[in-house]
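K.L.:
So that we are looking at the same thing, I have put the structure below in structure tokens.
Every number in this text was worked out from the coordinates using simple rules, so none of it is lab data. Note that the coordinates shown come from a computational prediction; the quantities given were computed from them, not determined experimentally. Here the Cβ positions follow ideal geometry from the backbone for every residue, glycine too, while neighbour counts run over all protein chains shown.
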Amino acid sequence: MRLLLRQLCVSAVLGAAMWIGSSADALAGPPSIGIDRGLVLTLGDRARRASFDKKQQAEGADAPSAFKKIRTIVIDPGHGGENQGALGVVDVHEKYLTIELAYALREELQRTYPDARVVLTRYWDTELSLNERAHMANRVDADVFLSLHYNSAPHPRAVGIETYYLSDEKVTPDPVEVQGKPLASARPTTSGIPRPDEAAVQGFFNESEVSAELHAERMRQHARSALLAKIVQRSMLKELKGSKNRGVKQANFGVLRGALMPAIVVEGGFLSHPEEGRSVAKSRRQRKLVRALVSAIVSFDDALAKQADDAGARAPSNEPVAHADRPGR
Ligand SMILES: [Zn+2]
């Protein structure tokens, strides 16, 4: 029994060590003893939350550092499994870089805002469809959805950072930028936000009333996605000084289409660029990117609170504000 226990411990340590190391093979899957990384993180969050509450109670301290409006953040590490993403000048596939970034971002968010719930769409090197990712965000009623990616282009001079939100028209990314797999796993095949009549035809909803409401809600979230994209892009440029600003763009990315909350795709740099591609794989740049994303989420939360205040001031009696205006909430 003791031997078994020791073996388990060794396996767990090995598993963790393999996880921390970022060589492609090491990250191929969960340790064989089947530790559920998601579960471990959830337990860790609960423990952190409990000790945080206790400290607050003991000290009678000021309000905890908490978001004003945001409760749940879903981080989507792009690609995974067979879908490896781009491969640039450094021999590490995009799927590993995105999950490392996602973990680092999650850690920082939970450290600074223990109250917030931060969920990853994948905790391992697993393959998920684009629909599944958005669906997961909908299911946990996320307030923000960030899909993390790195860029790649056939031309090595392509460089810089860009942020996407969903196009409501048939806009597709520049095909020149696409190498092998479509950019950000985009499948720009159908139109963006379904119109009420289209939604009904597609069989999403039977009642036109429901689809009209869905459409109105999507339009609201669409405007917020645009704002979130703007804030994130600005914040990244501030932290990653000297980076080329490729701007805020719209595209009909599959991963954004199904999301019912402010949702963006972050392209954190070009893996194919001789310099940027190397720096992207370094922890120094990753830390900056994490800082940029955290401060962007904070600014976005402030903006949501302000929107709610303004709406409240316009209609103090029964007008729904911010969180309250989401169906099913
Ligand atoms: Zn990607």
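K.L.:
Using 19 Å as the cut-off for backbone N distance, which residues of segment 273-297 belong to the label zone defined by a point 7 Å from the Cα of K68 along Cα→Cβ?
P.N.:
Residues 294-297 qualify, since their backbone N sits under 19 Å from the label point.
K.L.:
Are there any chymotrypsin sites (Phe, Trp or Tyr not before Pro) in segment 87-134 that are in a DSSP loop and have at most 15 other Cβ atoms within 10 Å? List them by number.
P.N.:
Those that pass, being in a loop and sparsely packed, number zero.
K.L.:
Another question, then. Given a Förster distance of 30 Å, report the FRET efficiency between A104 and E217 from their Cβ-Cβ distance, rounded to the nearest 0.05. It would help to have the intermediate numbers written out before the result.
P.N.:
Values: r = 32 Å, r/R0 = 1.07.
The formula returns an efficiency of 0.40 here.
K.L.:
A further question on this structure: Quick check: pseudo-label points 7 Å beyond the Cα along Cα→Cβ at T126 and T112, how many nm apart are they?
P.N.:
That separation, rounded to one decimal, is 2.8 nm.
K.L.:
Can you pick out the pairs among K68/K230; K244/K288; K241/K282; K230/K306; K69/K244; K238/K282 whose Cα atoms lie more than 23 Å from each other?
P.N.:
K69/K244
K.L.:
Around P77, under 11 Å between beta carbons, what's the net of Lys plus Arg minus Asp minus Glu among the other residues?
P.N.:
0
K.L.:
A further question on this structure: How much length would be gained if the chain were fully extended between H155 and N245, taking 0.36 nm per residue of separation minus their Cα-Cα distance, in nm to one decimal?
P.N.:
Once the chain is fully extended between H155 and N245, it gains 30.7 nm.
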